[in-house]
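One structure below.
The values are calculated or read from the model by the stated rules, or taken from the named source; none is laboratory data. Only a predicted model underlies this, so the values are computations on that prediction, with no experimental measurement involved. Note: ideal-geometry Cβ built from the backbone for every residue, glycine included; neighbour counts use all protein chains shown. Please note that ligands, DNA and RNA were not included when accessible areas were found on the heavy atoms of the full protein model with its side chains. Shrake-Rupley method; radii C 1.70, N 1.55, O 1.52, S 1.80 Å.
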Amino acid sequence: MAKKEDFIQAIKDGYSFKGESVKIGAAVLDGEVIPEAGIFLPLKTMNRHGLIAGATGTGKTKTLQMISEFLSDASVPVLLMDIKGDLSGIAALGSVNDKVTDRYQKLQMEYKPEQFTAELMTLSGQKGVHLKATVSEFGPVLLTKILGLNDTQGGVVAMIFKYCDDAKLPLLDLKDFIKVLQYIGDEGKAELEKTYGKISTTSTGTILRKVIELQQQGADVFFGEKSFEVDDLMRMDDQGRGMINVLRVTDLQDKPKLFSTFMLQMLAELYATCPEEGDLDKPKLVMFIDEAHLIFQEASEALLQQIETIVKLIRSKGIGIFFCTQNPMDVPASVLAQLGLKVQHALRAFTAADRKVIKQTAENYPETTFYKTEDLITQLGIGEALITMLNEKGIPTPLAQVMLCSPRSRMDVLTDAEIDSIVSHSKIAAKYNQVIDSQSAYEILTAKLQDAADKTQQAADNKGTAKPEESTFEKIANNTIVKSMARTAGNTIVRSLLGALGMGGRSTKKTTSWF
């Protein structure tokens, strides 16, 4: 009995906060849910980032959905990456079943089905608000890291951006970048080398192949206009709740390059756009990245460093980032070290490698006398998790086994009709879904090359129809004086010849003799 009382007191001391907080469940000890030991989430530390991990089917996505609902209630906007398609159900009313009823009886809480105002978004042309960004917004450094280029190739990319700035050639989409790349390697090579130095054909060829690889993953749809404004992620609905933005990326599971490209650009744009805020009472925006391994599995070392840097610095902008993945080891250690909230659902120990991961995971949590963490990780039920977080002073809270609340919205996908209805009522879809193809580098260079080709052809046509220039011999032969001299000389020669033959033209008179 004393152990239970000590446990309740430890949980109360560790999870009581001065600022605004939301209750996400109750602690569990020796298999018993203890309603008095409520687990609260302090809004003030939600910009310290977090991790939601666990094996398939243990309830990670529903935990993510439930926390998003509480944040929305607290007027905190949310951005969700919906990989499997079921997070969009947050826009529909939840339903009561026996499992939900039993869970809330144990928690001694009341379940009230609700639906939340959601904005459906897409990167690949599905139904929803189309998110786009221009090549110029990426800049040479970020684009170099996304393409995985070396220093020499990165220098060529920087030169391309400089040339386009100087020549007033807007880089909006990938066809603009490709056109400039082809131009500097061919017709414009001499022009650029005068100002910017020698350009390696090998480097331009490598960059072109990398861009085409990105195109193969559908990046043409993402790059272009109209660029998405991050302020539109931080809106409130008509009831004053934080808008829940659901980015539907169900078709990007086999396109990790495009997914990581978007995520890095979004984080960079948020960091560049949002002002320094310090420690707010609650965050301005919280991002949940489901299936986070898609960001890291093909990321280069340079790209990982960029992500790590942004994760470290973006906290001061009032923005929190939560990674949701099956294995905590999917997230690089350098990023994992920056995460304040850790929600660990069950892991499975089928192999020696699995047991090694479980042991490493257990060592990352605070020591506790109430649990044997390494064993407990494999025994957690669905909708249960080990939780620790940072309190308002930045100190980790006691480790707790928690039975979590269920989402109040639908825990399933939306129908096509429901998706159509949400998109049709969107206040920003018309702003971003119009097709825009402004005059940019592609059109300007194409016109320039076409104009040069037309002039060359016209010059060739003119040369073909003009009277041929006289040769020196022809000029002499056609001279009037020369012609006169030629006629005189000709007559003299003819007369000489006729005279020699006795056929002279002069008349001969008969001579008269005296005899």
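Taking amide hydrogens as placed 1.01 Å from N in the peptide plane, the amide H of residue 405 sits under 5 Å from those of 25, each at least 5 positions away in sequence or on another chain. Over segment 43-105, accessible surface divided per residue gives 27 Å², non-protein components excluded, 1.4 Å probe. Simple spin-label estimate for residue 430 and residue 351 gives 5.5 nm between the two label positions (7 Å along the Cα-to-Cβ direction from each Cα). Calculation over all alpha carbon pairs of segment 44-103 in 5 angstrom steps from 0 returns a P(r) of 3, 13, 23, 28, 18, 12, 3, 0 percent.
Each Cα pair of segment 179-262 feeds into the Kirkwood radius, which the Stokes-Einstein equation turns, at 20 °C and 1.002 mPa s, into a diffusion coefficient of 130 µm²/s. Amide H to amide H distances under 5 Å link residue 343 with 51, 52, 53, where only residues 5 or more positions off or on other chains count and H is placed in the peptide plane. Each stretch of four or more DSSP H residues adds -39500 (n - 2.57); spread over every residue of the chain, this sum gives -13500 deg cm²/dmol at 222 nm.
Normalising the average separation of contacting C-alpha pairs (under 8 angstrom, six or more residues apart) by the number of residues puts the relative contact order of the chain at 27 percent.
Each other residue within a Cβ distance under 12 Å of residue 94 adds +1 if Lys or Arg and -1 if Asp or Glu, for a net charge of +1. Estimated at the nearest 10 Å², the accessible area of residue 411 is 80 Å² with a 1.4 Å probe. Here the calculated FRET efficiency for residue 23 and residue 302, from their Cβ-Cβ distance with R0 = 60 Å, stands at 0.90, rounded to the nearest 0.05.
Full extension of the segment from residue 195 to residue 418, taken as 0.36 nm per residue of separation minus the current Cα-Cα distance, would add 74.6 nm. Mean sequence separation of contacting Cα pairs (under 8 Å, at least six apart), scaled by the length of segment 290-369, corresponds to a relative contact order of 34 percent. One Cα centroid belongs to segment 356-433, the other to segment 14-31; the line between them spans 14 Å. Neighbours of residue 203, meaning other residues whose beta-carbon lies under 15 angstrom from its beta-carbon, give a summed charge of +1 when Lys and Arg score +1 and Asp and Glu score -1. Counting only Cα atoms, the size of segment 123-260 along its three principal axes is 61, 32, 23 Å, in decreasing order.
Taken one residue at a time, the phi angles of segment 52-61 give Karplus couplings (6.51, -1.76, 1.60, θ = phi - 60°) of 10, 10, x, 5, 4, x, 8, x, 4, 5 Hz. Gly and Pro are set to x. Across segment 364-423, C-alpha contacts under 8 Å between residues 6 or more apart give a mean separation that, scaled by the residue count, equals a relative contact order of 29 percent.
Which pairs, out of 132/431; 18/284; 44/372; 132/427; 3/372; 18/112, put more than 21 Å between their alpha-carbon atoms? Listed pairs above 21 Å: 44/372; 18/112. I need the Kirkwood Rh of the chain: take the reciprocal of the average 1/r across all distinct C-alpha pairs and report it in angstrom. When all Cα pairs of the chain are included, the Kirkwood radius is 27.7 Å. Using every pair of separate Cα atoms, the Kirkwood estimate puts the hydrodynamic radius of segment 11-85 at 14.0 angstrom.
Distance distribution note for segment 160-212: the fraction of Cα pairs above 14 angstrom is 51%. Extent along the principal axes, Cα only, for segment 185-326: 60, 34, 30 Å, with the longest axis given first.
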